[in-house]
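Beneath this line is the structure, given in structure tokens, with notes to follow.
The values are calculated or read from the model by the stated rules, or taken from the named source; none is laboratory data. Not measured: the values here are computed from a predicted model. Backbone-built Cβ (ideal geometry, glycine too); neighbour counts: all protein chains shown. The accessibility values were calculated without ligands, DNA or RNA, using every heavy atom of the protein model including side chains. Shrake-Rupley method; radii C 1.70, N 1.55, O 1.52, S 1.80 Å.
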Amino acid sequence: MQIFQIVGLALVASFIAVILRQSRAPESAMLISIVAGAVVFLLMLDKIGAVIRVLEELADRAHVNKFYLMTIFKIIGIAYIGEFGAQVCRDAGEGAVASKVEFAAKILIIVLAVPIIGAILETVIRLLP
Amino acid sequence: MGEGVNLIFRIAGLAIVVSILFTFLKQAGRDEYAYMTLLVGLAIGLLWVIPVILELFETVRSLFQLY
């Protein structure tokens, strides 16, 4: 199963990162954690693609407007990358930078969510007598 | 999967070589060369890591249609 590969890779990468944090070049530990994170995501790529295809198919069958589904996927993408960056910055000890990255990700997500909120309000108002 | 792991080991090897060189040059009294090897090691590490980050971002962009 793939989970064993991923956990093995994560353990090896964090073990090497701990060693390198003590050595003369601690910044390479950060490089290794970035590479480990990226490799784990790239390993999970085809599974995520399959889930997205299923969701799109369900949305088409349920005649849900494609725009809403696209916005949801965009929000998931922004949340993932924002989380990835914030976590790497926090591991490197830069808590302030990490919170700024999360702040920016939240703003971007709100900007994406505004059209949907507008649509919901319209339908609610139309339902009222 | 394989190239991810061997990239991690390559960076680890580079960092160990750089730290050994750093200590060696410091003992030999050449501090400026020591710090230069640190920078060169860091630059090479970045050179290897940045394409992986770029591939991650491109994949997320294409997967979640984040244009």
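Quick notes
- Given charges at Cβ of Lys, Arg, Asp, Glu: region B:3-65 dipole, positive-most of B:ALA15, B:PHE64, B:PRO51: B:ALA15
- Angle between chain A longest axis and helix A:2-22 axis [Cα atoms, degrees, rounded to 10]: 50 degrees
- Within the accessible surface of region A:65-129, defined with a 1.4 Å probe on protein heavy atoms only, the carbon and sulfur portion equals 77 percent.
- Here's the list of lysines a cross-link from A:LYS100 could span, going by alpha-carbon distance under 30 Å and ignoring same-chain residues fewer than 8 apart: A:LYS74.
- About its Cα centre, the dipole of chain A is roughly 60 debye, where the only charges are +1 on Lys and Arg Cβ and -1 on Asp and Glu Cβ.
- Global form of region A:48-115, assessed from the alpha-carbon gyration tensor, a/c cut-off 1.5: oblate
- Size of electric dipole in region A:65-129: Cβ of Lys, Arg +1 and of Asp, Glu -1, about Cα centre, debye, nearest 20: 240 debye
- Considering all different alpha carbon pairs of region B:3-65, the Kirkwood hydrodynamic radius works out to 13.3 Å.
- Compared with the dominant principal axis of the Cα atoms in chain A, helix A:66-91 is inclined by about 20°.
- Partners for A:LYS47 among aspartates and glutamates (Cα-Cα distance below 15 Å; same-chain residues under 8 apart left out): A:GLU56
- About the Cα centre, charge dipole magnitude for chain B (Lys/Arg +1, Asp/Glu -1 at Cβ), debye: 120 debye
- Between 0 and 90°, nearest 10: helix B:31-63 axis offset from chain B longest Cα axis: 10 degrees
- Here is the result for region B:1-50: no chymotrypsin sites (Phe, Trp or Tyr not before Pro) lie in DSSP coil with at most 14 other C-beta atoms within 10 angstrom of their C-beta.
- As a size descriptor, the averaged projected area of the C-alpha convex hull of chain A was calculated at 10.7 nm².
- For peptide B:49-62, the mean count of partner chain Cβ atoms within 10 Å of a residue's Cβ comes to 4.
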